[in-house]
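Notes follow once the structure below has been shown.
The values are calculated or read from the model by the stated rules, or taken from the named source; none is laboratory data. The structure presented is a predicted model; accordingly, all values stated were derived computationally and were not measured. Cβ atoms come from the backbone with ideal geometry, glycine included; neighbour counts cover every protein chain shown.
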Amino acid sequence: MATVLGIETSCDETGAGVVSGGRLLGAALSSSMDEHARFGGVVPEIAARAHLHALVPCVRAAMTDAGIGPGDLDAIAVTSGPGLATALQTGVAAAKAYALAWDLPLYGVHHLAGHVAADTLEHGPLPSRSVALIVSGGHTSLLLLGDLASDPIVHLGDTRDDAAGEAFDKVARILDLGYPGGPAVERAARDGQATAVRFPRAMRDAGLDFSFSGLKSAVARHVERDDPDAHIADVAASFQEAVADILTIKAVQACHANAVDTLVIVGGVAANTRLRDLAAERCAAAGLTLRIPPLSYCTDNGAMIAAVGELLVEAGAPASGLALSTDPSAPLHRAGLDDRPAREALT
Ligand code: KG4
Ligand code: ZN
C-alpha cells in the first residue's frame with residue numbers, strides 16, 4: 001500500500017488529492033470556471049494563472065484534510081498530459097518542486113487514465129478486463145482495459161471530430177444557456193421532451209467511432225432555420241437524448257464485441273443524469289455490470305491522478321524522473337507518462 005499525492009491542472013480545475021490503499025484520504029479543489037464564464041470557454045492564460053495561485057493552498061488543504069505530512073507520502077503523481085500547455089506546465093513544475101523538496105519519486109499521469117481510476121476510489125479495483133467509455137470536454141473514446149497500470153490501453157473507438165462534452169458546450173452556446181455547457185444543457189433539458197426533435201445519431205451502424213459535429217450543426221439549423229420558435233428545453237432534451245443514445249448503444253456494442261462484462265463510464269459528461277440512467281437501463285438489459293463514479297469524481301480532480309499514481313507505484317512502474325515534460329496532446333496508450341517526449345526532442 002502506497003500513499004500518493006496527486007496534482008491535476010490540465011484545464012480549469014486545480015486539484016490535489018491524497019490516496020492510499022485505493023481510498024481517498026483527503027482532497028481539495030479550486031476552480032477558475034467563473035473567471036472564464038464571460039468568455040464562453042476556458043482561456044488558457046487565465047487558467048494557468050489561477051493554477052499558480054491555487055496550487056500550494058490546494059496541496060496544503062488536501063494534506064491537512066488527509067491528516068498527513070510530507071513524511072507520510074511515498075510518491076507524487078501529476079497530470080502531464082493531455083491538456084492546456086500552460087496549465088499543465090504549472091502543475092508539473094509544482095509537482096517537480098514537491099518531489100525534489102520532499103525527496104519523493106515523481107510519476108507523470110495521463111489525464112484520461114485518471115478519469116478511469118477515479119471509479120476505483122468508489123468501486124474498488126477494476127476487473128481484469130473491462131471497457132471504458134471516456135466522455136470529457138476534449139475526448140470521447142471507447143477503450144479496452146486490462147490492468148490499468150501495466151497493460152497497454154487499446155482504443156476500440158474514438159470521436160472523429162467533436163468530443164461529447166464539446167458538443168454539450170457548443171450546443172449550450174447555440175442555445176444561449178451559458179458556460180459550462182454540460183450542466184446548463186442538462187438543467188434546461190429537465191423541462192423538455194426528449195422526443196420533441198429527432199436529431200441524427202451519426203455513424204449509428206458504422207463501427208465504434210463517434211461523430212458529434214453534425215449533431216451540433218443540426219441543433220443550430222433547427223433553432224436558426226427550421227423552427228426558430230422551438231422550446232429551448234425541448235431542443236436541449238432532444239440533443240441530450242441523441243448523445244446519451246449513441247454513446248450507450250456503442251458502449252454496449254463494444255462490450256459484446258470484446259466479450260467483456262463490465263462497462264465503466266467516466267469523464268465530465270458521465271455526470272449527466274440522462275446518460276447515467278440510459279446506461280443503467282441498457283447495461284441491465286444486456287447483462288453488463290455498469291460502473292460510474294459518483295458525481296464529484298466525474299469532473300477533474302486531484303484524487304483521480306493520485307489513484308493512478310498509487311497503481312503505478314504498486315505495479316513497480318519506473319518513476320518519470322525530474323526531466324518529465326508536459327505533452328498537451330498525449331495519446332492514451334498507457335496510464336503513466338514518462339519523460340520520453342523530452343528525450344525524443346533531444347535526439
Ligand atoms: O472531464 P472534464 O471535467 O474535463 C475534461 O477533461 O475535459 O469534462 C468537462 C466536460 C465539459 O465539456 C462539460 O460541459 C461536461 O464535461 N459536463 C457535462 C456535465 N457536467 C460536465 N456534460 C453533460 N452533462 C453534465 N451534467
Ligand atoms: Zn478531465
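Screening region 271-292 for residues that are within 11 Å of ligand 1 (Cβ to nearest atom) and surrounded by 15 or more Cβ atoms within 10 Å (Cβ to Cβ) and picking the one that is nearest to Ala27 (Cα to Cα) gives Ala271.
Residue by residue, here is whether (1) touching a residue at least 24 places away in the same chain (Cβ under 8 Å); (2) surrounded by fewer than 15 Cβ atoms within 10 Å (Cβ to Cβ) holds:
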{"site": "His36", "(1), (2)": "yes, no"}
{"site": "Pro44", "(1), (2)": "yes, no"}
{"site": "His53", "(1), (2)": "no, yes"}
{"site": "Val56", "(1), (2)": "yes, yes"}
{"site": "Ala62", "(1), (2)": "yes, no"}
{"site": "Gly67", "(1), (2)": "yes, yes"}
{"site": "Pro70", "(1), (2)": "yes, yes"}
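Looking at His123, His115, which is the one that is out of contact with any His (no Cβ under 6 Å at 6 or more places or on another chain) and within 16 Å of ligand 2 (Cβ to nearest atom)? Spell out the reasoning first.
On the way: His123 fails: within 16 Å of ligand 2 (Cβ to nearest atom).
The match here is His115.
If you check Gly268 against the conditions, is it in the same structural domain as Asp161 (by TED's automatic domain parsing), within 16 Å of ligand 2 (Cβ to nearest atom), crowded, with 18+ Cβ neighbours inside 10 Å and small (Gly, Ala, Ser)?
yes
Among residues of region 284-311 that are farther than 17 Å from Ala259 by Cα and without any contact (Cβ under 8 Å) to a residue 12 or more places away in the chain, none has a Cβ under 8 angstrom from a residue that is part of a helix (DSSP H, G or I) and of a type in the set (Phe, Trp, Tyr) at a sequence gap of 6+ or on a separate chain. Could you list, in sequence order, the residues of region 64-76 that are under 16 Å from Gly91 (Cβ atoms) and not small (Gly, Ala, Ser)? Matches in region 64-76: Ile76 only. Residues that are in contact with a strand residue (DSSP E or B) (Cβ under 8 Å, 6 or more places away or on another chain) and either more than 30 Å from Tyr107 (Cα to Cα) or at pLDDT below 95 (or both) do not occur anywhere in region 174-183. Of all residues in region 271-300, those satisfying the criterion of being within 16 Å of ligand 2 (Cβ to nearest atom) and either in a helix (DSSP H, G or I) or within 15 Å of Ile246 (Cα to Cα) (or both) are Ala271, Asn272, Leu275, Leu295, Ser296, Tyr297, Cys298.
The criterion of at least 2 residues that are more than 12 Å from ligand 1 (Cβ to nearest atom) and either of a type in the set (Val, Ile, Thr) or surrounded by fewer than 22 Cβ atoms within 10 Å (Cβ to Cβ) (or both) is met by the following helices (runs of 4 or more DSSP H) wholly inside region 100-190: 111-123. Condition check for Val260 on (1) closer than 26 Å to Ser141 by Cβ; (2) more than 16 Å from ligand 2 (Cβ to nearest atom); (3) assigned to a helix (DSSP H, G or I): one failure, at (3). Any residue in region 186-209 that's without any contact (Cβ under 8 Å) to a residue 12 or more places away in the chain and basic (Lys, Arg): show its pairings with residues that are assigned to a helix (DSSP H, G or I) and crowded, with 18+ Cβ neighbours inside 10 Å at Cβ separation under 9 Å, as long as the two are six or more apart or on different chains. The qualifying pairs are Arg187/Ala236.
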